[in-house]
Every structure is written in C-alpha cells, then in structure tokens.
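Engineer: Below is a structure I'd like to ask you about.
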Amino acid sequence: MTTNFDTVEQQIAYMQKEHGRTKAHRLEQYGDLDLTFDGWKVSDVHGEQIEGRPYVNVSLYYTDRGSYIGHIIRTLPVSREYSNEVTKAKTGTFARPADLLKWLRDDGRGYLGNNSKIAWEEYCDRLPWLQQSATVRA
C-alpha cells in the first residue's frame, strides 16, 4: 500500500506519525521581527567553525499549517570592521517547496551553497512528497 501526500492534511498526518508532536519554534532575524510557529525541524546543517572565517548554519522546517521555512545564520568573525563576532540571521516562509529552494539559491547568489545543498537533500529525503525534488534531471 502506497501512502498519498496530495494534501497538506496527509502531509501533516505523516509528520505527526513519523516525527511526533510539533514543537514551538522562535527564529531570530537580523534587523527584523522574530518568526514564531509550531512545526518540525526537518534539516539542520552546521558550518565548520574555522577561526577567522565566516560560517553558515542552515535549518529547514515544516509547519503544522503546511508551510516551508528556511533559516540561515551567518557568523562573521572578529575583524577590523567588527570588534566582536557578528551573527546575522534571516528567515523565509513559503507555501511551496520550490519557492524555498529558490530562496536558498538567491541567498547563494544563484547557487546552492554547500550547507544549503546538504540541508535541501536531507529535507527532501525526510519529506517523502519532496523526494523527487532532491536532484535535477537532465
């Protein structure tokens, strides 16, 4: 028997069965209001912390209302410009997974950064209705 994920209700039922109850999340955004929602953290990729170099963390979420959320945190090291380490975070909320993927690409100036690519592949692997979206067909 195959499982059908045509509706948001079916997708949410799957998430509840496979990943348990939703959790409340609060995502900080640099220079903007924080975002709060109930849902599941589906993918969480942390950048390698090398002294003196910026690093990027990418987290992807699915909400209890069927929204797709991306959260990117950049940490910039101490430099002449910054006397302390600076953290900048941004969040995107989308009704369609393709829009989340576009947002990740836009963040990378047209390309998926390494952490965004890993996060997207994990996301597609863990959300069965997105498994066809993990790769590009030629």
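The values are calculated or read from the model by the stated rules, or taken from the named source; none is laboratory data. Predicted model, so just to flag it, every value in this text is computed and none were measured. Please note: Cβ atoms are built from the backbone with ideal geometry, for glycine as well, and neighbour counts cover all protein chains shown.
Engineer: Can you tell me which residue is nearest to residue 55 (Cα to Cα) among those in segment 94-103 that are among the aliphatic types (A, V, I, L, M) and surrounded by fewer than 15 Cβ atoms within 10 Å (Cβ to Cβ)?
Structural biologist: So, considering only residues that are among the aliphatic types (A, V, I, L, M) and surrounded by fewer than 15 Cβ atoms within 10 Å (Cβ to Cβ), the one nearest to residue 55 (Cα to Cα) is 98.
Engineer: If you scan segment 88-103, which residues turn out to be in a helix (DSSP H, G or I) and either of a type in the set (Gly, Ala, Ser) or at positive phi (or both)? Break it down stepwise before answering.
Structural biologist: Let us first name the residues in segment 88-103 that are in a helix (DSSP H, G or I), namely 97-103.
Matches in segment 88-103: 98 only.
Engineer: Any idea how many residues of segment 20-44 are surrounded by 13 or more Cβ atoms within 10 Å (Cβ to Cβ), free of Cβ contacts under 8 Å to residues at least 24 places away in the same chain and in contact with a strand residue (DSSP E or B) (Cβ under 6 Å, 6 or more places away or on another chain)?
Structural biologist: Qualifying residue count for the region: 1.
Engineer: Just for strands (runs of 3 or more DSSP E) wholly inside segment 1-70: which have at least 3 residues that are modelled with pLDDT of 95 or more, over 21 Å from residue 113 (Cα atoms) and under 19 Å from the mean Cα position of the chain (by Cα)?
Structural biologist: It comes to 23-27, 35-45.
Engineer: Inspect all residues belonging to segment 77-86 and state whether any of them is in contact (Cβ under 8 Å) with a residue 24 or more places away in the chain and either assigned to a strand (DSSP E or B) or under 23 Å from residue 15 (Cα atoms) (or both).
Structural biologist: No: zero hits.
Engineer: Output the residues belonging to segment 104-138 that are assigned to a helix (DSSP H, G or I) and buried (at least 19 other Cβ atoms within 10 Å of the Cβ).
Structural biologist: Here is the first cut: in segment 104-138, the ones assigned to a helix (DSSP H, G or I) are 104-107, 114-126, 128-133.
Matches in segment 104-138: 104, 107, 115, 116, 119, 120, 123, 124, 130.
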